[in-house]
Structures are given as structure tokens and as C-alpha cells.
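Enquirer: Just dropping this structure here.
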Amino acid sequence: ATPQIPARDYDVGTPATDAQMKAWDIIVGPEGRNLPDGSGTPVAGKAIYDQQCAACHGDAGQGGTGPRLVGGIGSLATAKPIKDVGSYWPYATTLFDYIRRAMPFSNPQSLTNDQVYAVSAYILKMNGIIPDDAVMDRRTLPMVEMPNRNGFVSMIGASVVTGK
Amino acid sequence: ATPQIPARDYDVGTPATDAQMKAWDIIVGPEGRNLPDGSGTPVAGKAIYDQQCAACHGDAGQGGTGPRLVGGIGSLATAKPIKDVGSYWPYATTLFDYIRRAMPFSNPQSLTNDQVYAVSAYILKMNGIIPDDAVMDRRTLPMVEMPNRNGFVSMIGASVVTGK
Amino acid sequence: EGLAAGAVLVPSARATEAPPAIPSWMQAQGADVNAHPYGQPAAFEAEVVRERMKSRTLTAGASFTPLQHLHGTITPNGLFYERDHGGVPTIGPAAYRLLVDGMVDRPMIFTLSDLKRLPAVSARHFMECSGNSGTEWTKPTGRTVQETHGLLSCSEWTGTKLEIVLGIAGVKPGAGWCVAEGGDAAALDRSIPLEHALKIGAMLAYAQNGEALRPEQGYPVRLVLPGFEGNTNIKWLRHLELRRGPAMSKEETAYYTELLPDGKAEQFNFVMRAKSVITYPSGSQKLDGTGFYEISGLAWSGSGRIKAVDVSVDGGKTWQPATLQGPIEPICLTRFRLPWRWNGGSAVLQSRAVDETGYVQPTLKSLVGQYGLHAHYHNNAIQSWQVETSGDVINVHA
Amino acid sequence: EGLAAGAVLVPSARATEAPPAIPSWMQAQGADVNAHPYGQPAAFEAEVVRERMKSRTLTAGASFTPLQHLHGTITPNGLFYERDHGGVPTIGPAAYRLLVDGMVDRPMIFTLSDLKRLPAVSARHFMECSGNSGTEWTKPTGRTVQETHGLLSCSEWTGTKLEIVLGIAGVKPGAGWCVAEGGDAAALDRSIPLEHALKIGAMLAYAQNGEALRPEQGYPVRLVLPGFEGNTNIKWLRHLELRRGPAMSKEETAYYTELLPDGKAEQFNFVMRAKSVITYPSGSQKLDGTGFYEISGLAWSGSGRIKAVDVSVDGGKTWQPATLQGPIEPICLTRFRLPWRWNGGSAVLQSRAVDETGYVQPTLKSLVGQYGLHAHYHNNAIQSWQVETSGDVINVHA
Ligand SMILES: [Ca+2]
Ligand SMILES: [Ca+2]
Ligand SMILES: [Ca+2]
Ligand SMILES: [Ca+2]
Ligand SMILES: [Ca+2]
Ligand SMILES: [Ca+2]
Ligand SMILES: [Co+2]
Ligand SMILES: [Co+2]
């Protein structure tokens, strides 16, 4: 529920313009909000991955300086669970969002939107979640069914939050 | 009044020996407690003063890098009060105590007890409080009548001290 | 590179080893007044520093507060624990901007001067990484309390309330979450349930223990969510976006979720549950002979005030109530103490916190029963320190 | 060398001057985790430092806390004010000794480990030099609140109670005073009335805001006498001597006594009376145009808790109650705040504290009426800051 928040008028702060908000905003939600135009395929993604990601995440996504990205599907309920993009992540949109904001590690926010779509597609493909010829864009990415989509239980209701 | 203090037994700390206490203790009270053996005169004091004190306190005690030591008698109730040894200090014992613990400024606790008696005598003499031929020692120093002996009002009773 | 072992207690020197009654430092002037316009610790305290946890990179990792060396409840700013995902950015106060947008009537940009001009509030609160004690689920791992519990610190925070900034922007009906995003290389973002955030007094803090935030703590502005897991207290805050639901960012799906034995995971377990730890005597310290010791430690809860702390010296067989140092503040570290006489035998020291909701800090066994061995986060189990007959103190599971 | 003027408020930059939406510091990794094992302030905060008062020598003098830059109530240890009479000695923790003797049954020597082994207590208290605001008796002198009120700081202190150490030594009947002596080049000593010292919870403190005392604050041990004038809180404590009466040391006769117009002087005026000061807006700051401002300041009393603070924006003609930031602790700085809209006219800002005993902070006029112009110490008068139509804030007597 939206809490009641008293309106304030201090004449402090400056209204943001649409252009400012657009340039600022890199938050993508699971419903696909704020996914940009552009698209990418696993094939295009492989070229980028091999060049800009493999050094840390391994040729086959097995990990290194960066975490492993592939191989955990089916392991969560075992004695040796592997939490990776394929096994654990509930939304494919998070992949686009995270890679755009934080990867490649030493050069974040340097990829074009097409490149982020492509490398996201390649990681999904390495996990066997989308086929070789899938095209990822603002429409298709939110529709990808992640294996662990229903794996999370929200604890919001269970939290004991005391007032101040 | 001596407050009731509960006795404590933690077996922490080490009993102090008489020799340790004697070596440690430089606190002189107005009654003369802890004044050492030895003595000094204004004449002997002048030699020490000129050599070790005058550079900071002035040839005639008029002050410089260090505060003035002479000249304020009679000024306290005026529009330009001068608070110095002669005009303000209530006890001569404080002079011995302070010079021994803190002077000369760059070399504290370097004077012999005789030297401290002597230079104290000289400062008292400069202020016209003792005659030229007075001998200051553990018996005579506490007996010196300082001009401002009765100038202080203890505010202990007036303090509002709140418990914890 | 791992954590170095904590300091061994200095054996108490006897008076016979005392320095001269009038030591050299009373015979010459000391250092000049204001030799350090911004003061530093004594050189003798050089071992009292944060220590880095081994991690894959130099910029995504954590440094731990040396709790075994600290007293009281405040953490000096230089020792506040640190968890970064992309290193510590250098942000000039004049270049700082915060965008508030999404489901609001008036999207706004605030400068640092703007935020400082708004009404301010101060409050003392602990902050704890939900990964604190994460190494301790399966076996005793940390050698010192810095290693086992050092992702924990406590400050007096000053800032303006989230409520005020949102009141200026005007939140639209239907907005239930606020995504907070940092201005670091990880652009780290977390979704916060709006109702809870306001209830706990969420703050846009620009000061910590009186002075400006330190760079490692989010200079110039961080979100402070009292009682919420550390990671949600977004540092270098650049963006608040009002939304209907959470953004499902990487840090609230891939990380900072608790995997259960059945393969399901708990998500949005924001509130840090009641916990405590004995800091003295603690791992890698050494008792100096039998006799009197004061057991001392810290207790805290994300759900209000600490109500009680019990201490056991026999591995949980019997418990005694510890004294709590007042004033006891909500969502704040609370120092507890208990006098103890060590008879030279082996002893297992434990502490157990109870908070104002009645919640009792669990044993590791019961926690593992509930969460299994792979939850990683939110380990608030009772910690055990074993005193050996030599006086050495070691980390054990008991 | 005098105090530099305080910072002028940075005019709030407009969004049009905002940095790129994705700034350079989000496009590359920041500084390494634990780059500073003991953290330091941001480089941008270089002006937030103590400043030295002009004095005859480099080692007998004072440095002042930059209150105009601080928030909340805690003073970071690096900014705690300093008053030295013989410089800052360097005392190794292993070389530290405290002698307790005089009218006791068992004279004792304690090492630092000994003192740390005894039961501990923590408490937050302000400390103020009785010479604070001493420059303000006859005319407005300090340009900033650092210069007028900066001999004031506040810490969470931890140590063992004086009562415990005296309980070990056993105080003899007839002992009414305790002389405390420091281990510096001035061997500075003050006589303390025993009954009062115990009542206020006198402490032998070894920690300040969690960590060891700083050298400038008495490392490794200082006496903390909550509410008593700063000078009595002996630093580098080496000797406690129990006596029937006071020692009449230089610091309690020649200095730290208040000369009245009739030539008599008040002695042993230990307790700091209720006082307050507005820190924002304060001297040398500049308001950035008309509109909303939150007036903010500090109030304190050596006699317990602050009960109320009133603020005037018209030089004392009318008063409004300020909001006090809780929890309000005894003998501790208390932050007060009042919203204000500046209409661009000239205004004189004042604050007036009332403590739990009902004592009301006096005007300078009434204080001068009582003490004359030569008392020097214990100036707790109401401070006036004049806001000029330009927005400049200056120190005035009003
Ligand atoms: Ca405006
Ligand atoms: Ca937006
Ligand atoms: Ca780059
Ligand atoms: Ca013993
Ligand atoms: Ca011992
Ligand atoms: Ca010397
Ligand atoms: Co003695
Ligand atoms: Co946005």
C-alpha cells in the first residue's frame, strides 16, 4: 500500500526534466520498464563475451575472477547448491539491468544497448534457457521463462518492523 | 565529609612501596605537606632567576614569553586588575609546588630543591612580600603571609551537582 | 590475504617494572598544540585497524571492524566496516546530485546543499551486513571477533528524512516501493518497501558521528534504513525511483537472498534479527592468569531495543543476566557486561540477546534446523568462545 | 596565528550545472576496499579541522572544535578540542602507571592492563573548557562559532569508575579531596571534592567514542568528571592523592578562578552552567537567498539534562521553543532545531537553554552585572548572531 506522506513545500530542489530523467535512469524492472530500443542474439553476444567477459567469467561461463554464470541448474535443493544465472536468477531482465550498470567490471556502462542485449542473450543461451536463434529486445527479454522464476518467497509480511 | 565508598577486592593492582611514593610525589599542600628538606634565599634565587627564568619572565619579572610575576599588588579591585604571584596567589607553597613541577618551561623538574626554594624566595622578594634576607624552607614557606590570602571564596557549597 | 590474528592481551606489568617516577615525558615539553589539526590515534594503537577479507578482486569485497579492541557502542568513523561492490568512488560535494522520480507528481533533482538545507534529524543506529558471520554456518572459521562479527558498526547519523524528500516530490497512489541506487561503479541498487522505510525513519544521511560521511560509507550521501541489512543502506545515493513493485535487481535476487534446503529461497528478509557477541574475552585473546574478569560484549536488534542479554560460561548449560549499559536505544548497539572469576579451568562463553519483541537469539543448531547450511546470510546464532586452561581463547561450535 | 574564518555556505548549484547523468566515477572501479585500514575524511573536507588560538608558546595553548561544520552531538575524535599546558606527551601503554596514595589504607600502583581489567562503564558527556567564550565578555571577538564556542566537545567515554579504584585502596576517614595529577611537562594538577566526584560518576577513562583516547585527550588514561570544567578532567593521569583539603595548586588559584569587581575571586566553581549556541547559521556563514532555513545548535548543562531551548530571531524580543533531538542525556550535548523562513531582512539570532534544575542561561548583560568584566572563565551568556541583508552572518553583542 502507498503510505500517506505529508506534502512539503520548502522551495528546495529543482524540477527534473524528461531529458535529465532519461539520461539518468538505468533501472530496469521485471516487467521490462525502461528497457531501451535495440536487440541482440546469442551469436552476436558470443563475440562480445569472448572479448570482454571470458577473461574473468571463463570461456564457458565457468567462472574465475568473476562468478560462474552457468552450470547450476538443478542443484539448488542438493547438498552442493550452485546459485548462478541459470539456476537461481528469477528474471532475465535482471541480466540486462546488471550487465548494463556494472559490467564489464573495469569499464561499466561502456557497452551499447545492442551489445548488452546480445551478451545477455548469449549467457541465457549458454544456460540452455533460450535457443541459438532467439532475439532479445525490450519485448522478448521480459518474456523469457527463467527456471527459478518461482523459487523466491517474499518475507515482507514476516518482517518485524518497529516504529521509531 | 568523606563519602562511604564500598571496599573492592579484585586482586588487581600492586601495593605501592614507601620509596615509590616518595619518588613519585611532588604535590605540596598549603599546610606545607611534602615540602622537601633544603632551603634558599632571594640572593641565591636571583642568580638562578637571571640565568634560567628572566629570558621568559623579564629581568624584573615583568613578563614576556611567560606571564608577569610582579607588579599587580593593589590592582585587583580596579578596572585593570593584574593577577600575578604577588597580587593574586593565596599561598606561597603553590610557588614551590608549581616551579618544581613545571619550570623552567623547557626543562621541568630539573632544579634541585635548594634552587626551587631560592627562586621562590626571589619571586616573593621581588613582590616585596619577604625581606632580602629571608630563608625559605619547609618550615618558613607555609608561614609566608600572601597579600591575597583571604581573597578567595570557595563555591563548593553553591555548586549544583546532579547525581547520575 | 586473510585477517591477521587479534591482539593477545598484554600481560599486566608489575610495579617493579614501572618507569622512573618522574619519566622523561614530564621533563620536556610534549608535542605542539594542534600538531594534528585533524587528530590521529596514538602510534601505539597501530594494530587497531580494519582488515580486509579475501575476495576475488580488490574493489568488490569487505573490510571488518576490530570489535575486540573497541569499548562502548560508538564505532569511530575510521573503523566503520566497509562493503563495496565496485570500489569507493570519489564524488565532489559540488558535483553530487540526487534524482527522485518514477511514480511521483514532481520529479526533482537535489544538490547536497539542498539536502542539507532541509530539516535534519540525528539518531544512533547500528549497521550490519547480512553476510556478517556468514563464515560460521558450518564450522568455526574466524579467529577473532573481527573476523566472525566485524561487519558490524554503529554511528550517530544525521540527515534529512526520506519522508521529507518524498513529500516534496509527491508520491503517486499505487507506489509501494522505492528503488535506491548508488553512484559507484556497481551502481548498486535495492528496492525498499516504502511503508516499512518510513516506519523505521529512513534517512538520507550526510553526517556520521558529527562529521561528513567518510568516502567508504557513502560520501556525500547514503540512505540509512535503521535495522535493515547493511546492503540496503545505499551509499553514494544518486537515484530514488518510486515504483509499484521491486526492481528485482541482482542484489535482491542473485545475492542477499537465503537459499533453503528445499531449493526455495527467502527474499526481502530486510530486518536484522536480534544478535549478540562477547568481544572480551574473545578469539585469539589470552587471559592473564586466574581471577577477576569482566565479560563484555555487544547486543543489537533491527526490531527495536534490546531487552536482556544472558551470558553463559558453561556452553549454555546455565545462564546469568548481564548488565546492560544505558541508555538503551532502539536499533542501536547495546553494551553488556558480566563480572566473572576465572578459576583456570576450560570454559565456554556464550551470550544470548532478547529484544523488545520477545525474540530470543537462537542457537546455531536451531538456526541450521530452520535454514539449512546454504542460507549464508542472516546468521544471528549464539557465538561460543572457548577459554582453554592456558588462558587462550578460541572460536568453537558448542 | 589566529583562527581562519569559517566556511561560507556553498550556494546551491542548479540542476543545469549537474554533472553528466552517468559520471566518470560510475565508469571505472573506485578505490580499493580497505585502501585506508584506518579511514580518513574525504579530501573535500580539508577545511574541517581544529584551529589553534594565538598563545605565548606552541605547547601551552588550545585548539578549537569546528562546531559550524558538525552535525548531531558526537565530536569525532580527530576534532575534539585541546587545551595543553606543556604539550602532548607520548606515553607508551606498557610504561603507564597510576599511583593512588595519600589518605588511603592501601596505596596502590595500577598499570593500564589493571585499569582495563576492572569493571567498566560507558557514558556520553560533553566537555567544556571554563575559558570557552572567554574572549566574548567585553566585545564580540570570535568570527566563527569555532572561535567563540569551540572549546567544547562531546564523546562516549569508557573507563572504570573512580569509586572502584578508591574502593581498592580504601579511603581513610577525614579525606575530603582527591588531587589528580597529569603526566605531562606541566604535571598539571587539580583538587577535586571527593563527594561531588563520586556523585557525578567520575571515571578513569581509557576510551573515547569506542577507541583508545587520543594523545591530545590524555592517552592512555584521563580523569572524566562529567559536568566539571574541562581543566579538572586531568589528562595522562599519573597520580591520585587523597587529602583532607585541596592542594591549592596553581591551576586552582592563579588560574581557573573568577575575579569579581570587588577584588575577591570565586574558587572551585567546578560545574559548567547551562549554555547553548546556534551553530547554523553562525558567524562567517552566508545565507543563500531568502526562504526556508533550519536553525540548529547545541545546548548543554553540567547539572543534568537540558529541559528546553528557546530561540529568538529578533534579538531576544520574542522566543519560540526549539525541538530537542532525543534521547536527551544528562551532562551531554543536546541538538536543538527550529524551522525559520528568512525574509531577507536583518535579524539577530539567539538561543537560550534551560536545564532540569530550572536554571536559565543568562544574557551577557546580567552575567556582567553579576561577575563584572574580569572573571574571564564561565561565560555562559546567550550568543547573538546577526544576519545582514546580504545574508552574511556576524558575531554581535545584542
Ligand atoms: Ca527553488
Ligand atoms: Ca525515470
Ligand atoms: Ca570506463
Ligand atoms: Ca595481587
Ligand atoms: Ca593483574
Ligand atoms: Ca629536561
Ligand atoms: Co601522593
Ligand atoms: Co528513475
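The values are calculated or read from the model by the stated rules, or taken from the named source; none is laboratory data. All figures in this text were calculated on a predicted structure; none of them were measured in a lab. Cβ sites come from the backbone with ideal geometry, for glycine too, and all protein chains shown count toward neighbours. Ligands, DNA and RNA are excluded from the accessible area calculation, which covers all protein heavy atoms including side chains. Shrake-Rupley method; radii C 1.70, N 1.55, O 1.52, S 1.80 Å.
Enquirer: Can you report the principal axis dimensions of the stretch B:20-75 using only the alpha carbons, biggest first, rounded to whole angstrom?
Expert: Largest to smallest, the principal-axis extents are 38, 28, 22 Å.
Enquirer: Need one number: nm distance between label points at C:T318 and A:A19, each 7 Å from Cα along Cα→Cβ, rounded to one decimal.
Expert: 7.7
Enquirer: How well do other chains shield peptide C:234-243, expressed as the mean number of their Cβ atoms within 10 Å of each residue Cβ?
Expert: That average works out to 3.
Enquirer: Summing -39500 (n - 2.57) over the DSSP H runs of n ≥ 4 in chain A and dividing by its residue number, what mean residue ellipticity at 222 nm do you reach, to the nearest 500 deg cm²/dmol?
Expert: About -8000 deg cm²/dmol.
Enquirer: Let me ask something additional. Looking at the stretch D:288-398, I'd like the Rg to Rh ratio, where Rg is from alpha-carbon atoms and Rh is Kirkwood's inverse mean 1/r.
Expert: That ratio is 0.99, to two decimals.
Enquirer: Sticking with this structure for a sec: Distances from D:K199 to the same position in the other copies: list them in nm, one decimal, shortest first, using label points 7 Å from Cα along Cα→Cβ.
Expert: Shortest to longest, the spacings are 4.7 nm.
Enquirer: I've got another one for you. Based only on the alpha carbon positions, what is the Kirkwood hydrodynamic radius of the protein assembly as shown, in angstrom?
Expert: 31.7
Enquirer: What's the FRET efficiency of A:Q51 with C:T138 using the Cβ-Cβ distance as r and R₀ = 56 Å, to the nearest 0.05?
Expert: Efficiency at R0 = 56 Å is approximately 0.90.
Enquirer: Within the protein assembly as shown, what whole-number % of the accessible surface is contributed by carbon and sulfur, with the 1.4 Å probe and all protein chains included in the calculation?
Expert: Accessible surface attributable to carbon and sulfur in the protein assembly as shown totals 54 percent.
Enquirer: Also, I was wondering about something else. Regarding chain C, what whole-number volume in Å³ per residue does the convex hull of its Cα atoms give?
Expert: Value for chain C: 160 Å³ per residue.
Enquirer: Skip the ligands, DNA and RNA, and give the accessible area per residue of chain D with a 1.4 Å probe, whole Å².
Expert: Here the residues of chain D average 28 Å² of exposed surface.
Enquirer: Helix B:42-52 against the longest principal axis of chain B: what's the angle in degrees, Cα atoms only, rounded to the nearest 10?
Expert: 90
Enquirer: With a cut-off of 17 Å, note down the residues of the stretch C:192-235 whose backbone N falls inside the zone around a label point 7 Å from the Cα of C:T357 toward its beta carbon.
Expert: What the label zone holds, given the 17 Å backbone N cut-off, is C:193-202, C:225-230.
Enquirer: While we're on this one: In square nanometres and to one decimal, what's the mean projected area of the convex hull around the Cα atoms of the stretch C:89-183?
Expert: 9.0
Enquirer: Might you report the magnitude of the Cβ-based charge dipole of the protein assembly as shown about its Cα centre, with Lys and Arg at +1 and Asp and Glu at -1, to the nearest 20 debye?
Expert: Using Cβ point charges on Lys, Arg, Asp and Glu, the protein assembly as shown gives about 1240 debye.
Enquirer: Can you list the distances in nanometres, one decimal and ascending, from the A:P36 label point to the identical position in each other copy, with the point 7 Å along Cα to Cβ?
Expert: 8.3
Enquirer: While we're looking at this one, here's another question. Evaluate peptide A:101-113: per residue, the Cβ atoms of other protein chains within 10 Å of its Cβ; return the mean as an integer.
Expert: Neighbouring Cβ atoms belonging to other protein chains average 5 per residue here.
Enquirer: As a test of the definition: with a 1.4 Å probe, what buried accessible area, both sides summed, do you compute for C against D, in Å² to the nearest 100?
Expert: 8100
Enquirer: Sticking with this structure for a sec: Quick check for me: using +1 on Lys/Arg Cβ and -1 on Asp/Glu Cβ, what's the dipole size of the stretch D:183-333 about its Cα centre, in debye to the nearest 20?
Expert: With Lys and Arg at +1 and Asp and Glu at -1, about 280 debye.
Enquirer: Taking the alpha-carbon set of the stretch D:164-293, what are its Rg and Dmax in Å?
Expert: Computed over the Cα atoms of the stretch D:164-293, radius of gyration and Dmax are 18.8, 66 Å.
Enquirer: Mark the label point 7 Å from the Cα of D:K172 along Cα→Cβ and return the residues of the stretch B:1-44 whose backbone N is within less than 11 Å of it.
Expert: What the label zone holds, given the 11 Å backbone N cut-off, is no residue at all.
Enquirer: May I pose another question? Relative contact order for chain C using alpha-carbon pairs under 8 Å, separation at least 6, rounded to a whole percent?
Expert: Once divided by the residue count of chain C, the mean separation gives 16 percent.
Enquirer: Let me ask you something else. Please compute, for peptide A:142-153, the average count of beta-carbon atoms on other protein chains lying within 10 Å of each residue's beta-carbon.
Expert: 3
Enquirer: Something else about it: Which of the peptides C:78-85, D:321-328 is most tightly packed, and how do the rest follow, judged by the mean count of other Cβ atoms within 10 Å per residue?
Expert: Taking the mean over residues of other Cβ atoms within 10 Å, the ranking is C:78-85, D:321-328.
Enquirer: Shifting gears a bit: For the charge dipole of the stretch D:50-146, defined by +1 on Lys and Arg C-beta atoms and -1 on Asp and Glu C-beta atoms about the Cα centroid, which residue among D:H69, D:T135, D:S113 has the Cα displaced farthest towards the positive pole?
Expert: D:H69
Enquirer: What distance in nm lies between label points placed 7 Å from Cα along the C-beta direction at A:A158 and C:A43?
Expert: Modelled inter-label distance: 5.5 nm.
Enquirer: How tilted is helix A:93-102 with respect to the longest principal axis of chain A? Cα atoms for both, answer in degrees (0 to 90, nearest 10).
Expert: Approximately 80 degrees, to the nearest 10.
Enquirer: Residues with beta-carbon under 15 Å from that of C:P246, excluding C:P246: net charge, scoring Lys, Arg +1 and Asp, Glu -1?
Expert: Once all neighbours under 15 Å are counted, the net charge is -4.
Enquirer: Percent of Cα-Cα pairs per 10 Å bin, from 0 to the last occupied bin, for the stretch D:326-391, please list those.
Expert: 16, 37, 33, 15, 0
Enquirer: Counting protein heavy atoms only and a 1.4 angstrom probe, how many square angstrom of accessible surface do chains C and B bury in total, to the nearest 100?
Expert: 1100
Enquirer: Separate question: For chain A, take the longest principal axis of its alpha carbons; what is the angle in degrees between that and the long axis of helix A:113-126, to the nearest 10 within 0 to 90?
Expert: That helix lies at roughly 50 degrees to the long axis.
Enquirer: Taking the Cβ of A:H57 as the centre, find all other residues whose Cβ is under 12 Å away and add up their charges (Lys, Arg: +1; Asp, Glu: -1).
Expert: Net charge around A:H57: -1.
Enquirer: Can you list, shortest first and in nm, the gaps between the label point of C:P321 and those of its counterparts in the other copies, using a point 7 Å from Cα in the C-beta direction?
Expert: In nanometres, ordered from closest: 3.5.
Enquirer: Another one. Only four residue types carry charge here, +1 at the Cβ of Lys and Arg and -1 at the Cβ of Asp and Glu. Report the dipole size of chain A about the Cα centre in Debye, rounded to the nearest 20.
Expert: Computed charge dipole of chain A: roughly 500 debye.
Enquirer: Which chain C residue sits with its beta carbon nearest the axis carrying C onto D, and how many Å away is it, rounded to a whole number?
Expert: C:P327, 3
Enquirer: Which whole-number value in Å³ per residue fits the convex hull of the alpha carbons of chain B?
Expert: It is 187 Å³ per residue.
Enquirer: On each of the three principal axes of the Cα atoms of the stretch D:276-336, give max minus min coordinate, whole Å, ordered largest first.
Expert: Result for the stretch D:276-336: principal-axis Cα extents of 38, 23, 18 Å.
Enquirer: Something else: From the phi angles alone, apply the Karplus equation (6.51, -1.76, 1.60; θ = phi - 60°) to the stretch C:212-218 and give each ³J(HN,Hα) in whole Hz, x where the residue is Gly or Pro.
Expert: Values, residue by residue: 4, 3, 7, x, 5, 9, x Hz.
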